[in-house]
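Working notes for the structure below.
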Ligand code: DGY
């Protein structure tokens with residue numbers, strides 16, 4: 001085991017630890033982010049189970065009454081970030097954003113429980129979190145799947161975590177820009193502007209925030225009112241995996257009603273995932289619900305579908321597709337196909353490699369018996385750290401570190417990958 005890398009990763013996590021939550025990195029992201037926290041908890045759990053659970057508990061302490069868990073908790077003022085609480089105007093006791101993020105918390109909690117060293121203490125805290133996480137999952141199907149398709153839509157690119165993916169280009173072009181109040185971006189004072197979304201994208205990000213705010217952040221209205229409604233296979237795979245894992249955990253805890261309800265959401269969604277298979281790409285793809293069509297964009301969102309229990313033949317096809325991408329990229333897995341003209345190896349989600357997505361894809365491929373590709377993904381992940389440190393993301397062709405540095409979830413994934421023996425020694 002690479003104890004030196006684990007020690008460095010722990011130092012990164014300690015630097016971003018604010019006691020009861022972590023920031024993704026100081027400066028660029030100075031608050032608590034939803035999926036960052038849940039994935040960081042996996043790293044903490046290897047050396048401090050109690051601290052790992054605190055990370056998830058802090059997140060859920062800010063759950064909205066309707067079940068939604070916001071994507072940012074603004075624990076303390078910091079004017080180094082835009083858009084801050086005054087732009088969101090959600091009027092929560094501790095300010096939060098008004099949209100959500102990929103629901104990895106259910107998966108993370110179940111995994112922490114399965115590996116718990118202090119079983120009694122961990123299970124007691126998990127029992128308290130269980131109904132809250134389940135309520136979030138129910139919220140998704142209520143608020144983001146009003147027609148009961150089994151799959152949920154995101155209504156803002158920030159919800160996917162893949163803010164500027166090529167996947168959104170066509171749909172985002174339909175989002176108006178009129179009426180957007182003048183604003184000053186802060187992200188490009190912390191990170192290279194060429195690694196970040198464009199001004200045109202930011203204007204539309206803010207248009208949507210203003211629109212949702214004008215509707216009082218009423219989740220009963222936002223889905224239908226949003227001009228951007230996208231069914232992302234990666235996002236849904238995370239939700240369905242979390243539902244299935246939460247069902248298992250609920251069974252272990254004797255919470256049969258939650259177990260049944262979570263299992264039924266997972267099963268219905270898994271059947272519906274078949275509708276997102278794009279045969280011409282040989283992978284899953286996003287369904288643009290506002291336009292009513294499957295889009296033709298070979299991004300990592302369609303590969304992340306491997307994280308849920310897709311049919312074995314589909315997992316094998318995704319493994320083959322990822323293997324083929326390996327001919328184009330030195331480091332797996334690029335967030336967009338390098339052969340496509342829109343690919344940009346340094347610009348956020350338009351090409352760079354992200355360790356958290358690598359981890360989730362590899363995890364799904366291992367469960368599906370696709371060990372060879374999973375091993376390459378994880379070996380490449382550690383090579384990136386060795387070459388370029390704990391960055392937010394990396395150029396898949398050159399390993400150049402991009403975005404923010406000293407990144408919490410990158411460090412957490414290194415601890416997770418190395419501590420679970422997922423790369424050859
Ligand atoms: C950002 O500010 O870049 C985030 O991705 C939004 O959550």
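Quick notes
- Contact order for segment 267-315, expressed relative to its length and based on alpha carbon pairs under 8 Å spaced 6+ residues apart, stands at 30 percent.
- Residues 342, 147 arranged by fewest to most Cβ contacts within 10 Å: 147, 342
- Column: log10 I(q)/I(0), Debye, Cα scatterers of segment 204-325, q = 0.15, 0.18 Å⁻¹: -0.81, -0.99
- Contact order for segment 126-270, expressed relative to its length and based on alpha carbon pairs under 8 Å spaced 6+ residues apart, stands at 32 percent.
- One quarter of the surface of the convex hull around the alpha-carbon atoms of segment 298-347 equals 3.5 nm², the direction-averaged projected area.
- Kirkwood estimate for the chain, i.e. one over the average of 1/r between Cα atoms, Å: 21.3
- Relative contact order (%) - criterion: Cα under 8 Å, at least six apart; region: the chain: 19
- As a ratio to 2.2 N^0.38 Å, the alpha-carbon radius of gyration for segment 102-199 is 1.52.
- Inter-centroid distance (Cα atoms) of segment 175-231 relative to segment 305-362, Å: 26
- Size-normalised alpha-carbon gyration radius of segment 347-400, reference 2.2 N^0.38 Å: 1.13
- Computed P(r) (all Cα pairs; segment 1-76; 10 Å bins; percent): 19, 51, 24, 5, 1
- Using only alpha-carbon positions in segment 318-363, the gyration tensor eigenvalues give semi-axes of 16, 13, 8 Å once each is multiplied by 5 and square-rooted (largest first).
- GNM remark for the chain: springs join alpha carbons under 10 Å apart, and the peak mean-square fluctuation among 274, 324, 315 falls on 324.
- With N counted as the residues of segment 1-158, its alpha-carbon radius of gyration over 2.2 N^0.38 Å works out to 1.08.
- Taking the fewest neighbouring Cβ atoms within 10 Å as the starting point, the ordered list for 181, 346, 268, 119 is 181, 119, 268, 346.
- When shorter helices are ignored and each DSSP H run of at least 4 residues is given -39500 (n - 2.57), the per-residue value for the chain at 222 nm works out to -15000 deg cm²/dmol.
- Taking 283, 32, 210 as the candidate residues, the one with maximal mean-square fluctuation in a Gaussian network model of the chain, Cα springs under 10 Å, is 210.
- 37 °C / 0.692 mPa s Stokes-Einstein diffusion coefficient of segment 277-425, Kirkwood radius on C-alpha pairs, µm²/s: 214
- Evaluating kT/(6 pi eta Rh) at 10 °C and 1.306 mPa s, with the Kirkwood radius of segment 158-244 over Cα pairs in the Stokes-Einstein relation, gives 109 µm² s⁻¹.
- Kirkwood hydrodynamic radius computed over segment 81-157 comes to 15.0 Å, based on all pairs of distinct alpha carbons.
- Gyration tensor verdict on segment 263-328 (Cα atoms; rounded if a/c is under 1.5, prolate if a/b is larger than b/c, oblate otherwise): oblate
No value in this document is a laboratory result; all are computed from the given coordinates. Please read all numbers here as calculations on a predicted model, not as lab measurements. For neighbour counting, all protein chains shown are included, and Cβ atoms are generated from backbone atoms with ideal geometry for every residue, glycine included.
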